[in-house]
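Quick notes on the structure that follows.
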There are 2 protein chains.
Amino acid sequence: MILSPKIENFVLHCGEMGSRWGFNRTIGQMVGLLVIHEQPLTANEIAESLKISRGNVSMGIKELQSWQLVKVTHIPGDRKEYYAPSGSIWDLANRVFEERRKREIDPTLSLLRDQILDGPNSPEEEYAQKQIQAIHDLLETVTKWSAELQRLSPEQLQTLMKLGSSVGKVIDLKDKLLKKS
Amino acid sequence: MILSPKIENFVLHCGEMGSRWGFNRTIGQMVGLLVIHEQPLTANEIAESLKISRGNVSMGIKELQSWQLVKVTHIPGDRKEYYAPSGSIWDLANRVFEERRKREIDPTLSLLRDQILDGPNSPEEEYAQKQIQAIHDLLETVTKWSAELQRLSPEQLQTLMKLGSSVGKVIDLKDKLLKKS
DNA sequence: TTAAAGTTTCAATAATTACTGAAACTTTAG
DNA sequence: CTAAAGTTTCAGTAATTATTGAAACTTTAA
């Protein structure tokens, strides 16, 4: 399981980015490796390729499973478990995005809701309350949007993606139409 | 500079979330504090409120400035510097989003571009190449979209946001408009 | 039922990242 | 020019997070 320079490069880069994407270096490398390899890999192959301990791989896989990024497969007559990405690049990105939303937004949203219900407890808290409300609204919008994106069909997504630099135009057109009716 | 329980709660929470949002606990607390307080604060007030060292505040401010999240103001006849958020909640969120794009996406995009130019160096790299291309395309789309969002006017954004639970409608809308013209 | 193949767990330790506080630096009023 | 007010830097240390490797656990073929 020796990696070609190009692939090694890619895998190492995934490691460096790993921590920015929400996991650690090792796990970043694992994702990179699994994504770039057509065939599923065993835990031992992963450990060997990345030069890390077997235990570390085991913990990494557990973490990746909690993110729903890997699936386990078996080869008939072989007792080992083989690991592969749980879907297309798009699927994986979606999962990461979703998981991060849960970790980065949901807890805050929940706290802010409580704080809003509580209301301002003193004149100085008036301004605080307004800001809390603003953050809450922003986060709620983001949440709704991300849920919406998950729901779109691949074709709709395709269209939306291509829309790119002309979202603005579509919106303007919509406004005009509304005024007419 | 003693904080009311509610505000302290909010600030502490921002600290916990800080690391998830791309900075560390202290810096998260600083953002929270600045956002929730109507009046700009001095570095000493921040240190006192959060019970952290003066040096830490100084480093935190430097970091926040690199994210363009704070602005410095002065009070006539007072030599101290007063710090405040650099804009509305929406502005701040935008900046964080933008900065994270730079850190989380741009370096990868750049590497992948190089790797694509390099082409597959062996038959086994065929598949790798395809995957690299797929990741590249995904990241490029995200980048384009985020640039587009920055460019929209607040009103356009407002419209887009309210469209909310029905992005699908935007697509339908687009199709209808195209047919008419 | 057992031993071989495989996997997971976790205490110890390594690596990384954040924080303090004292010293050095900068600015300005007198 | 100088001293007071303010700010930044950074070496040392504390706190956190990641990794190893050996022991414990699980599964299955014979």
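The values are calculated or read from the model by the stated rules, or taken from the named source; none is laboratory data. None of these values were measured; they are calculated from a predicted model. Neighbour counts run over all protein chains shown; Cβ positions are idealised from the backbone, glycine included.
Please count how many residues of region B:100-128 are under 14 Å from A:Pro5 (Cβ atoms) and either in a helix (DSSP H, G or I) or within 23 Å of the chain's Cα centre (by Cα) (or both).
Within region B:100-128, residues that are under 14 Å from A:Pro5 (Cβ atoms) and either in a helix (DSSP H, G or I) or within 23 Å of the chain's Cα centre (by Cα) (or both) number 6.
Test of understanding: among A:Glu63, A:Glu48, which residue is within 12 Å of DNA strand D (Cβ to nearest atom), surrounded by fewer than 23 Cβ atoms within 10 Å (Cβ to Cβ) and within 19 Å of A:Gly87 (Cα to Cα)?
A:Glu63
Does region B:3-18 contain any residue that is in a loop (DSSP other than H, G, I, E, B) and not small (Gly, Ala, Ser)?
Scanning region B:3-18, I find at least one residue that is in a loop (DSSP other than H, G, I, E, B) and not small (Gly, Ala, Ser), so the answer is yes.
How many residues does region A:70-110 contain that are more than 14 Å from chain B (Cβ to nearest Cβ) and either surrounded by fewer than 15 Cβ atoms within 10 Å (Cβ to Cβ) or within 16 Å of DNA strand C (Cβ to nearest atom) (or both)?
Residues in region A:70-110 being more than 14 Å from chain B (Cβ to nearest Cβ) and either surrounded by fewer than 15 Cβ atoms within 10 Å (Cβ to Cβ) or within 16 Å of DNA strand C (Cβ to nearest atom) (or both): 15 in total.
Quick check on this structure: which one of A:Val70, A:Val35, A:Val96 is closer than 17 Å to B:Tyr127 by Cα, in contact with a Leu (Cβ under 8 Å, 6 or more places away or on another chain) and β-branched (Val, Ile, Thr)?
Only one candidate passes the filter, namely A:Val35.
Going by the structure shown, is B:Glu125 outside the structural domain of B:Leu33 (by TED's automatic domain parsing), crowded, with 17+ Cβ neighbours inside 10 Å and among the charged types (D, E, K, R)?
Yes; evaluated as a whole, the condition is true for this residue.
Each row is one residue, and each column tells you yes or no for (1) away from DNA strand C (no atom under 12 Å from the Cβ); (2) modelled with pLDDT of 95 or more.
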{"position": "A:Leu50", "(1), (2)": "yes, yes"}
{"position": "A:Arg54", "(1), (2)": "no, yes"}
{"position": "A:Leu112", "(1), (2)": "yes, yes"}
{"position": "A:Gly119", "(1), (2)": "yes, no"}
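Would you call B:Met30 assigned to a helix (DSSP H, G or I), crowded, with 16+ Cβ neighbours inside 10 Å and within 10 Å of DNA strand C (Cβ to nearest atom)?
Considered against the rule, which asks whether it is assigned to a helix (DSSP H, G or I), crowded, with 16+ Cβ neighbours inside 10 Å and within 10 Å of DNA strand C (Cβ to nearest atom), B:Met30 comes out as yes.
For the condition more than 10 Å from DNA strand D (Cβ to nearest atom) and within 12 Å of another protein chain (Cβ to nearest Cβ), what is the one hit in A:Gly18, A:Gly28, A:Gly32?
None of the other options fit; the residue is A:Gly32.
Take A:Ile75 and decide whether it is out of contact with any Asp or Glu (no Cβ under 9 Å at 6 or more places or on another chain), of a type in the set (A, V, I, L, M), in a loop (DSSP other than H, G, I, E, B) and within 10 Å of DNA strand D (Cβ to nearest atom).
no
Cβ-Cβ under 6 Å, sequence separation 6+ or interchain: first residue in region B:40-61 and away from chain A (no Cβ under 14 Å) and basic (Lys, Arg), partner within 11 Å of DNA strand D (Cβ to nearest atom) and not in a loop (DSSP other than H, G, I, E, B). Which pairs?
Here the result reads B:Arg54/B:Ala47, each pair linking region B:40-61 to a residue that is within 11 Å of DNA strand D (Cβ to nearest atom) and not in a loop (DSSP other than H, G, I, E, B).
How many residues, within region A:130-156, are buried (at least 16 other Cβ atoms within 10 Å of the Cβ), over 30 Å from B:Leu34 (Cα atoms) and either more than 9 Å from chain B (Cβ to nearest Cβ) or modelled with pLDDT under 75 (or both)?
0
Every residue in region A:78-128 that is within 16 Å of DNA strand D (Cβ to nearest atom) and within 27 Å of A:Lys144 (Cα to Cα), please.
Across region A:78-128, the qualifying residues are A:Val96, A:Glu99, A:Arg100, A:Arg103, A:Glu104, A:Pro107.
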